[in-house]
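Data first, discussion second: the structure below is written as structure tokens.
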Amino acid sequence: MRIDKYLWAIRFYKSRNEASIACKKGHVCIGEAIVKPSREVFGGEKLMIRKNQMEFTIVVIDIPKSRLGTKLVERYAKDITPEYVRRARTEIAMHQSNNRLETGERPSKKNRRKLMDFKESGEIGTDE
């Protein structure tokens, strides 16, 4: 089975086109080699996939005949991504959400109220 079709079948990507684009950009590797979307994938191979600024490691257990249901994915692929990598990604996401104002995005209602209080009284109010 083609690697783009495999990644779509195990629900790693929402569409086959998205999986194909990831392969073309060099985000999918087997061993140390970057692969093309047409590369055949076989059982026992170790895939390294970069998605959402995170390196996933997947071991191919078996090849499915078609797209799988969520509960059946573990029969065909095993995710062996280290836990510290997952924790680092969640910490980055939390840090980014805490610094929304610093990135130049529109302030939330809570932040707007703090700004108004600051303008009126000269200091920012504390959270309850």
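Quick notes on this one:
- Every residue from segment 56-91 that is touching a Ser or Thr at 6+ places or on another chain (Cβ under 9 Å) and under 15 Å from L7 (Cβ atoms): F56, T57, I58, D79, T81
- Residue list for segment 47-72, filter: surrounded by 13 or more Cβ atoms within 10 Å (Cβ to Cβ) and under 18 Å from G26 (Cβ atoms): L47, M48, I49, R50, K51, M54, E55, F56, T57, I58
- On inspection, M116 fails the criterion of being in contact with a Gly (Cβ under 9 Å, 6 or more places away or on another chain), modelled with pLDDT of 85 or more and not aromatic (F, W, Y).
- Of all residues in segment 20-55, exactly one satisfies the criterion of being in contact with a Cys (Cβ under 7 Å, 6 or more places away or on another chain) and charged (D, E, K, R), namely K36.
- Take the conditions (1) at pLDDT 90 or above; (2) surrounded by fewer than 15 Cβ atoms within 10 Å (Cβ to Cβ); (3) not in a strand (DSSP E or B); R106 misses just one of them, which is (1).
- Once segment 1-39 is narrowed to residues that are over 19 Å from the mean Cα position of the chain (by Cα) and outside any loop (DSSP other than H, G, I, E, B), the residue that is farthest from R75 (Cα to Cα) is A33.
The values are calculated or read from the model by the stated rules, or taken from the named source; none is laboratory data. Predicted model only: the values in this text are computed from it and were never measured. Virtual Cβ from ideal backbone geometry, glycine too; neighbours counted across all protein chains shown.
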